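Undergrad: Please see the structure below; I have some questions.
The values are calculated or read from the model by the stated rules, or taken from the named source; none is laboratory data. Not measured: the values here are computed from a predicted model. Neighbour counts run over all protein chains shown; Cβ positions are idealised from the backbone, glycine included. The accessibility values were calculated without ligands, DNA or RNA, using every heavy atom of the protein model including side chains. Shrake-Rupley method; radii C 1.70, N 1.55, O 1.52, S 1.80 Å.
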Amino acid sequence: TGEKPHKTLHFNKAPSSNTCPYYRYAAAKHWRSGMDWGGVQANKPIKLNDIVCTSNGAWDSCQFSTNHDCAHNEDVFLTCQDFVLVSESGLLVTSHQAEGLLLYNDGTVSGFGFNDVIATAICREMGYHAVHTWRTGHVFESEQSDRSVSLGNVTCNSEVWSECQASQDVTDLSHDGDVLLACEFAPDCLDEAGKGYLEGDVHPDPVNSARICTCTSDTSFSCACPASNLACPGGSSRWTDETSCRSTCVKDPGHCYSSGDPHYRTFDGKYYDFHGTCTYQAASCDDFTVHLKNIDLYGRAPR
C-alpha cells in the first residue's frame, strides 16, 4: 500500500474505491485530507473537484469538475490495498461479517496452509478489526474460474500482514482451495454476554423482550418499544405502555377552569355560568379530587 495525493472537495468511500483500481490496486484501504506535504502540494495545481461515482471499482462511472474554489488543505491522501473481497456477481464486499471471495491483485488466494492468524492479518490489512469466518472451495463459479490464482503458501508470524510471507508463483494451484473470507469491524457496543454490535445495530432487550435495543454512538444501548402503526381518530392520540409495548388510542388532554362571577369551562370545551351556593366536585382522577365552593360576597351574586 502507499499514499497517493488526489484532489476532490467532496471525496468519500465511492470515489476512493474507484480511484485505486485505476492505479491497478485492488481497492481503497482508507483516505484522509490535509496539507501534510508542504511545498510538494503547494507547487502543484488542483486538478479535480466534486467527484461523484455511481458504482464501486469502475472509474468510468465517475464524474468530476476541473474547476474549483478550494485550498490545498483539502487535498486527499489515499491508501490503496492489494486485497479485496468480491461477491459472486463480482461486486465489492465491504460490509460487517459479509462473506466474499478473497482476491489479491485481481487473482484468487490459495487456502493451502491457511489459518485464523493469516485470516486475521488479511482482515486487518483491509481495515477490519478481526476475522469472522473463512473457508475454502470453488463456490463462486465464473468469478473464480475466470481468474488465476495470484497468491499462495501464505505464512504469518503474527496477526499483522507485514509479518507475513507469501508466494506469487502459484500457477499450479487449483481453485478448489480458493479462500472465501468474512471480516468484522470493531464493535461499538458489547451486550452482557460479550457479543459485539456496531452503531445502529438492534437486538431484543434481554430484560424485556417486547422492547428493542439499539447500539448508539456513545457505545451504550438505547432500549425502547418499537414504533407502532396504530392510527388514532381525531381528538385522540396514540399512547404506548413502555412495559408491555402495547399501544392504544386515548383522548387528547383537556383543560377546565373556573373564574369570575362564576364562569366555568369544562374539559370538553363547554362554557356556562353557575350560581349555586354549595360545594361541588369540579374534577377527579383516582384518589385526587378538586372541589369548588360558591360563596356570597357582600350580598352580591354567589361566586
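Undergrad: With an 8 Å Cα cut-off and a minimum separation of 6 or more residues, compute the relative contact order for the chain in percent. Don't skip to the end; give the middle numbers.
TA: On the way: 625 pairs, mean separation 32.9, N = 303.
That works out to 11 percent.
Undergrad: List the Cys residues of the chain that have no partner Cys with a C-beta closer than 4.7 Å.
TA: C70, C256, C278, C285 - these cysteines have no disulfide-compatible partner (Cβ-Cβ under 4.7 Å) in the chain.
Undergrad: On the first, second and third principal axes, largest extent first, how far apart are the outermost C-alpha atoms of region 26-148 in Å?
TA: Ordered largest first, region 26-148 gives principal extents of 51, 29, 25 Å.
Undergrad: On to the next question. Mind checking the dipole of region 90-230: about its Cα centre, +1 per Lys or Arg Cβ, -1 per Asp or Glu Cβ, Debye to the nearest 20?
TA: Values: 5 positive and 21 negative charges, 50 e Å.
Roughly 240 debye for region 90-230.
Undergrad: Here is a follow-up. Run the accessible area of the chain with a 1.4 Å probe and give the carbon-and-sulfur part as a rounded percent. Each step should come with its number before you reach the end.
TA: Numbers: 8910 of 17940 Å².
It is 50 percent, rounded to a whole number.
Undergrad: Keeping all protein chains in place, calculate the accessible area per residue for the chain (probe 1.4 angstrom), answer in Å².
TA: Heavy-atom accessible area per residue stands at 59 Å².
Undergrad: What percentages, rounded to whole numbers, describe P(r) for region 86-190 computed over all alpha carbon pairs with 10 Å bin width beginning at zero?
TA: Answer for region 86-190: a P(r) of 16, 50, 29, 4, 0 percent.
Undergrad: Among C249, Q168, I46, whose Cα projects farthest towards the positive end of the dipole of the chain, with charges put on the beta-carbon of Lys, Arg (+1) and Asp, Glu (-1)?
TA: Result: C249, furthest along the dipole toward the positive end.
Undergrad: Relative to the longest principal Cα axis of the chain, at what angle does helix 116-125 sit, 0 to 90 degrees, rounded to 10?
TA: 80
Undergrad: Could you give the dipole magnitude of region 73-127 about its Cα centre, charging the beta-carbon of Lys and Arg +1 and that of Asp and Glu -1, in debye to the nearest 20?
TA: It comes to approximately 160 debye.
Undergrad: Express the Stokes-Einstein translational diffusion coefficient of region 194-303 in µm² s⁻¹, to the nearest whole number, given a Kirkwood radius over alpha-carbon pairs, 25 °C and a viscosity of 0.890 mPa s.
TA: 131
Undergrad: When only C-alpha pairs under 8 Å and at least 6 residues apart count, what is the relative contact order of region 184-303, in percent?
TA: It rounds to 12 percent for region 184-303.
Undergrad: Using only the alpha-carbon atoms, how far is helix 13-22 inclined from the longest principal axis of the chain? Give it as 0 to 90 degrees, nearest 10.
TA: It works out to around 10 degrees.
Undergrad: Looking at the calculated P(r) for the chain, what percent of the C-alpha pair distances fall above 29 Å?
TA: Tail of the P(r) past 29 Å holds 61 percent of the pairs.
Undergrad: May I have the pair-distance distribution P(r) for region 239-297, computed from all Cα-Cα distances with 10 Å bins from 0 and rounded to whole percent?
TA: Bin by bin from 0 Å, the calculated values are 17, 39, 24, 13, 7, 0.
Undergrad: Follow-up. Jot down the radius of gyration and Dmax of region 138-262, Cα atoms only, both in angstrom.
TA: In order Rg, Dmax, the Cα atoms of region 138-262 give 28.8, 104 Å.
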